[in-house]
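Report on the following structure.
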Amino acid sequence: MGKDYALGIAEAIHYVNDNGGINGKQIKLYQFDYGYRIPEALTKYNLFKRLKCVAILGWGTGDTEALAPTVARDKIPYVSASYSGHLCKPAKTPYNLFFATDYSTQSRGLITAWFDKKWPQKPDYGKRKPRIAMCYMTASAFSSASIKAAKEQAEILGFEIGPDQSVSLFAIDTKSQILALKEFKPDVLLHTNTVMSVAATLRDAYALGLGADHLIKCWGYDENLPKLAGKAAEGAMGCAPWAFFGLDVPLMDKVVEYAKKYNPGVPLEKRTIHTVQAWASVLGLAEALKRADKAGDLSGEGILRKGFETMKDFEIGLGIAPVTYTATDHRGQSQAKIT
Amino acid sequence: MHRKSIILKCLSVVSIVVLLGGCAGMMTKPTQKNFKAPVVTLDSMEVVHAFGYWYFSKKVEPTKGKPDNVGAPLNLAFIFNVENPNDYPVKMENLKFTIAFEEFDLNTVSSTETMWIPACKTNQVRVNAHFDVRQSLLSLLVTGGFKLKEKGTNVWAQLEKWWTEIPQYSVPVHVKGGAAVFKADGLTKVTTFEATFPE
């Protein structure tokens with residue numbers, strides 16, 4: 001996932017530079033793999049400061065959470081691929097931004113979509129409450145980020161909520177969790193882990209005949225899911241805020257063209273939605289930089305106030321819904337795209 | 001005399017053709033047509049630092065400092081030959097590649113320092129890559145679980161094998177999906193490369 005995202009970041013920067021950069025200024029990209037080592041992420045951040053970088057394109061929950069107080073103090077915009085809802089509160093994390101549907105909105109959207117579309121087709125519809133259970137790594141801030149919001153939404157809609165199943169992000173065998181769920185007989189499961197662990201859970205649920213539908217947050221729902229889970233993934237619903245790689249949406253032709261041009265050694269069939277989401281991060285940041293530069297203020301605060309927070313229904317393309325930021329709400333989107 | 005003159009003329013023409021068409025010639029202006037992709041090949045891989053194989057979870061109290069999940073580092077360096085076949089200098093802007101131990105992709109590294117390569121010369125570039133047991137453990141666990149199971153091994157056995165055998169150069173290390181970006185007078189060429197060391 002990280003590799004495909006990193007390739008997409010570099011390719012999108014080439015695209016921005018080839019198209020005039022930031023109002024004529026070329027972007028210089030420094031790119032490092034911190035290997036999930038938080039101390040290294042902090043060290044690289046210090047280097048970026050020394051190099052006078054105007055903004056940072058970060059990665060996951062680890063680096064984003066560790067650096068949130070520091071980027072707020074230093075006023076350096078940090079556009080990451082961690083989409084926790086709590087990063088959307090300008091009072092707490094003003095310089096953390098992202099171009100995606102936040103995890104809480106994704107989970108609420110998934111549960112609501114299933115309730116509206118799938119539940120009425122079930123034989124027990126109207127006879128009893130629908131039953132939902134959640135599979136995630138309880139010890140992971142990433143996996144558990146949207147569970148509270150998901151349960152609140154399920155309660156509002158009148159679900160019966162079953163026992164949480166702690167599924168490791170590294171799980172390849174989840175039979176004990178599936179067997180534990182059989183007594184509860186869920187109609188639907190919400191998965192918030194990454195794709196390998198989600199695929200393992202779907203496979204075991206299918207093999208053990210659990211009979212539940214599946215709802216999957218963005219990191220578990222990519223091109224690799226059907227490859228890893230096979231038939232067990234059929235009918236699963238997921239939230240993909242961006243288009244899958246290669247789909248016919250605005251700018252995808254450029255995504256594919258730059259993938260071919262700059263990384264011809266990586267077969268296109270191995271590219272994924274994570275490249276597309278990287279493009280969304282770069283193009284969103286580039287737009288903020290252009291607006292701030294036009295206003296004559298490329299300081300961190302200028303990029304935030306005169307760049308990001310001036311975006312209202314900004315269309316990036318790539319299948320992502322229009323983006324709006326305000327001074328009081330950094331949720332870029334209030335709608336979840338469910339497929 | 002006449003025959004000698006003809007031979008001299010022929011030799012002159014041949015010499016001029018050679019001078020204009022090959023690397024020994026005068027510098028020409030880069031064009032889309034004459035810009036040949038530079039060639040990148042792996043010269044060697046060096047184990048720069050090896051610290052054995054060990055791993056401590058954060059439950060273990062260290063002698064000094066704070067406990068953390070930490071594992072033995074393994075630092076490798078990849079030395080590439082970058083050959084410029086053009087009779088004008090080219091600038092290498094970026095070189096990146098993925099490193100795989102056996103069939104597992106573990107790290108993607110790059111060199112973003114710009115480098116000018118003179119006409120018809122070969123430069124060398126060294127790219128350092130840091131690995132450690134913790135980072136590789138996470139990488140394997142998040143994406144490689146099914147593949148390890150198919151291989152009939154487990155993550156700890158696999159890591160121990162690599163950390164003990166790579167310093168002996170007995171496990172193949174693969175360079176995959178390599179791409180280097182070259183510029184000449186506003187024109188761009190991307191060269192791909194793959195390699196294995198030891199072969």
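Read-outs: derived from the displayed coordinates by stated rules, not from any lab. Just so it is clear, the model here is predicted, and its values are computed rather than measured. Here the Cβ positions follow ideal geometry from the backbone for every residue, glycine too, while neighbour counts run over all protein chains shown.
Between 0 and 90 degrees, rounded to the nearest ten: what's the tilt of helix B:155-165 against the longest Cα principal axis of chain B?
Once rounded, one gets 50 degrees.
Per-residue ellipticity at 222 nm for the protein assembly as shown, helices alone: DSSP H runs ≥ 4 residues times -39500 (n - 2.57), over residue total, nearest 500 deg cm²/dmol?
Details: 15 runs with 178 residues, N = 538.
For the protein assembly as shown, the value works out to -10000 deg cm²/dmol.
With θ taken as phi - 60° and the coefficients 6.51, -1.76 and 1.60, list the Karplus ³J(HN,Hα) couplings across region A:268-279 in order, rounded to whole Hz; mark glycine and proline as x.
Using θ = phi - 60°, the values come out as 4, 5, 8, 7, 9, 4, 5, 5, 5, 5, 5, 4 Hz.
Compute the distance from the alpha-carbon center of region B:64-106 to that of region B:119-169, in whole Å.
Each part's Cα centre sits 12 Å from the other's.
How long, wide and thick is the protein assembly as shown, going by the Cα atoms along their three principal axes, in whole angstroms, largest first?
Result, largest extent first: 113, 57, 52 Å.
What does the charge dipole of chain A about its Cα centre add up to, to the nearest 20 debye, if the Cβ of each Lys and Arg holds +1 and the Cβ of each Asp and Glu holds -1?
Charge dipole of chain A: 360 debye, to the nearest 20.
Would you order A:Met196, A:Met252 from fewest to most other beta-carbon atoms within 10 Å of each residue's own beta-carbon?
So the ranking, lowest neighbour count to highest, is A:Met252, A:Met196.
Loop only by DSSP, 13 or fewer other Cβ within 10 Å of the Cβ. Give me the chymotrypsin sites (Phe, Trp or Tyr not before Pro) in region A:1-37 that pass, ordered by residue number.
A:Tyr30
Just to confirm my numbers, what's the Cα centroid distance between region A:130-188 and region B:182-199 in Å?
Using only Cα atoms to place each centre, the spacing works out to 47 Å.
Setting aside same-chain residues fewer than 8 positions from B:Lys33, which lysines have a Cα under 21 Å from its Cα?
B:Lys33 reaches A:Lys260, A:Lys261, B:Lys91, B:Lys121, B:Lys183, B:Lys189.
Using +1 at the C-beta of Lys and Arg and -1 at the C-beta of Asp and Glu, which of B:Ala50, B:Asn86, B:Thr192 has the Cα lying farthest in the positive direction of the dipole of chain B?
B:Asn86
What does region A:103-238 give for Rg and for Dmax, in Å, if only its C-alpha atoms count?
Over region A:103-238's Cα set, Rg and Dmax evaluate to 13.4, 38 Å.
Can you list which of the GluC sites (Glu not before Pro) found in region B:33-138 are DSSP loop residues with at most 12 other C-beta atoms within 10 Å?
The qualifying sites are B:Glu103, B:Glu113.
Just to confirm my numbers, what's the Cα centroid distance between region A:195-212 and region A:44-114 in Å?
Cα centroid of region A:195-212 versus Cα centroid of region A:44-114: 31 Å apart.
What FRET efficiency comes out for the pair A:Lys92/A:Lys294, r = Cβ-Cβ distance, R0 = 25 Å, nearest 0.05? Don't skip to the answer; put the middle values down first.
Values: r = 29 Å, r/R0 = 1.15.
For A:Lys92 and A:Lys294, the calculated efficiency is 0.30.
Return A:Trp119, A:Trp114 ranked ascending by Cβ neighbour count within 10 Å, so the fewest neighbours appear first.
Values: A:Trp119 18, A:Trp114 22.
If I rank by nearby Cβ atoms, fewest first, I get A:Trp119, A:Trp114.
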